[in-house]
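Okay, structure first, notes after.
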Amino acid sequence: MAKITTIIDIGSNSARMAIFQKTSRYGFHLIHELKSKVRISEGSYEHESYLQPQAMSRALNALKEFKKVSDSLKSRKLICVATSAIRDAPNKAEFITQVKKECGIAIKVIDGTKEAYYGALACANLLHEKSGVTIDIGGGSTELACIENGVIQTMVSLNLGSIRLKELFFDHNKMREAYDYVRKHVKEHLKDIKAFCATSSSMQNLNVFGIGGSIRAYAKYEMRLESYAFNFLHGYELYVEKILGHLETITHASNRWLLENGFEEGRVDSIRPGLLILQVILEELNAKKLIISGVGVREGVFLNDMLRYHHGKIPNNINPSVRSLQDIFLTSLDDSKTISQHARTLFHLLQESYDLEDSHLQALQVASKLYNIGANFNFYQAHKHSAYIALHSLHYGFGHKERYTIATLLESSHKKRPKFISPMLANLLPEHDTLQILSFIFALSVALAKERKVTISFNNHTLSINIHALPLQQALKEIVLPRLESYPKLNFVINE
């Protein structure tokens, strides 16, 4: 696969370009992104799906700019896909030929099932939850797919989209008709999805993975409402029972209300029909949680190309974000491997006494892999730089709590334990005592990074380490013990 790859997705509402750089077989990251609201479907739904001249002109101009940027970044491969508006258009061949002639871009028109597959492929590989139903609400269609334990199952494409509904109903103030139309359409075409959810044990507390501009715009609104600590959309979680009323409010809101509540002007006319579709599907599926996906068709097309010899799946023991950070910042993995071994040993020694969970070990292991990625910026403040990079770069495969926990472990890998955590951030970290123990484990493991053979024992809440090197003895003595509130005090003995 080309080291730098450009993916363009021409949707009914927007044309989007994402440029990815591979750092190793499974390591990659986004290096550039562009969006142009070309509205290629504008006017088509009222003209028998024919693409209109002005809309085609806008799209052509955007694609010329996309190609220029792609070439400037020395992208070796460009894949362009088109979805609902173009695949439904009787005059699509005319547009595709013009784009090829004037831009040098070959457009591949994909059907609804393939569109659903690409969105599901991205979610299955790049979200922290591995079972659920994807909902990708576009301008002309909505795609759904069932994922169980990272495997894509049933896929459905609905002729429901935010721009389609806008032009057919919302522009004519036919709200009641819009609701009835969406409800009827969803009931008729979601039978396979509902049947799968009913028989799958992992779907009892159904996660819905939300894809598309309307859902992302809505998630930003919810973040503002709760003064959310971070601005990461990917992996942001919302409980459905708490948001159905909000969706209802927005669907009936005026343009003025939407603008006053932070919705972008360019999104105002499409957000209401888009969220109407979301509301009805969430209700019909009896979903428990809406998890926002910052990835979709573009990432799916990229992964489909990258993983074409790997059955569309990144191996379970590899995370592309972690691998990419290692590729970029670490010249040697020796210390990381030693830290990981010590962290595992200490974790298993303390697990039963301090009620540690397996997910806590995973956080320790990831922190071990990323230890010292900040050293290139400032050796003496490496732990702080490592924490910042991890928090803002662990985009794929981690929930927000996991990201912040890993970052906190990296920041406290020096001598001190984590200080007071504000109430706003407390729910994004493990319980106080657990975090104290985990950070202590990690700090010890980092101090022992150069020592491959160390004797460690634990008995009667006393951790003992046998060390002969005097500098290391001193370093271990400077590590602050965990401050525990609900467990007996942990004692630490260094045997010289």
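The values are calculated or read from the model by the stated rules, or taken from the named source; none is laboratory data. Note that the structure is predicted; figures quoted are calculated from it, not measured. Backbone-built Cβ (ideal geometry, glycine too); neighbour counts: all protein chains shown. Side chains included, ligands, DNA and RNA excluded: accessible areas come from the protein's heavy atoms. Shrake-Rupley method; radii C 1.70, N 1.55, O 1.52, S 1.80 Å.
Computed quantities for the displayed model
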item	result
Of every Cα-Cα pair in region 238-347, the percent that sits beyond 26 Å	52 percent
Exposure rank, largest accessible area first [S340, S386; 1.4 Å]	S340, S386
Ratio Rg/Rh, restricted to region 367-410 and using Cα atoms, in which Rh is the Kirkwood radius	0.97
For L78, distant residues with modelled amide H under 5 Å away	T6
Dmax and Rg, reported as Rg then Dmax, of region 166-262 (C-alpha, Å)	16.0, 44
Descending semi-axes in Å of the chain, equivalent ellipsoid built from Cα gyration tensor	47, 26, 19
Dipole-positive endmost among V240, L259, Q436 within the chain (Cβ charges, Cα centre)	Q436
Dipole magnitude of region 113-298 about its Cα centre (Cβ charges: Lys, Arg +1; Asp, Glu -1), debye to nearest 20	80 debye
Span from the region 302-381 Cα centroid across to the region 160-185 one, whole angstrom	47 Å
Solvent-accessible surface (1.4 angstrom probe) belonging to L259, in square angstrom, nearest 10	90 Å²
Fraction of beta bridges assigned by DSSP in the chain that are antiparallel (%, nearest 5)	60 percent
Listed pairs K35/K101; K220/K369; K74/K130; K35/K100 exceeding 26 Å between Cα atoms	K220/K369; K74/K130
Under 14 Å, Cβ to Cβ, from R308 - net charge with Lys/Arg +1 and Asp/Glu -1	+3
For region 142-210: Kirkwood Rh in Å [reciprocal of mean 1/r, alpha carbons]	13.6 Å
Using distinct alpha-carbon pairs, which all enter the 1/r mean, Kirkwood radius of region 385-481 in Å	14.8 Å
Backbone N within region 52-89 under 11 Å of label point (7 Å from K108 Cα along the Cβ vector)	78-82
Amide H partners (placed H, <5 Å) of L127, local residues excluded	G397
Overall dimensions of region 320-494 by Cα: Rg and Dmax, Å	15.2, 44
Charge sum, other residues only, whose C-beta stays under 14 Å from Y388's C-beta, Lys/Arg counted +1 and Asp/Glu -1	+1
In Hz, Karplus ³J(HN,Hα) per residue of region 135-146 (6.51, -1.76, 1.60; θ = phi - 60°; x = Gly, Pro)	10, 10, 8, x, x, x, 8, 10, 10, 10, 8, 9
Region 113-298 - Rg over Rh from alpha carbon coordinates, Kirkwood radius	0.94
Within region 1-59, GluC sites (Glu not before Pro) in DSSP loop having at most 13 other beta-carbon neighbours inside 10 Å	E46, E48
Helix-only CD estimate at 222 nm, as mean residue ellipticity for the chain, using -39500 (n - 2.57) per DSSP H run (n ≥ 4)	-14500 deg cm²/dmol
Per residue, in Å², the accessible surface of the chain once ligands and nucleic acids are set aside, probe 1.4 Å	45 Å²
Share of carbon and sulfur in the accessible heavy-atom surface of region 242-309 [1.4 Å probe, %]	43 percent
Kyte-Doolittle mean at least 1.0, axial Cα span of 15 Å or more - DSSP H helices of the chain	268-285, 432-447
Of all accessible heavy-atom area on region 330-448, the percent that carbon and sulfur account for (1.4 Å)	52 percent
Long-range HN-HN contacts of H32 with modeled amide H, under 5 Å	I19
Debye, to nearest 20: dipole size of region 171-270, +1 on Lys, Arg Cβ, -1 on Asp, Glu Cβ	240 debye
DSSP loop chymotrypsin sites (Phe, Trp or Tyr not before Pro) with at most 11 other Cβ within 10 Å: longest gap in the chain	1-308
All-pairs Cα distance distribution in region 4-109, expressed in whole percent, bin size 5 Å	2, 13, 24, 24, 15, 10, 6, 3, 1, 0
Area projected by the alpha carbon convex hull of region 49-191, averaged over all directions, nm²	10.6 nm²
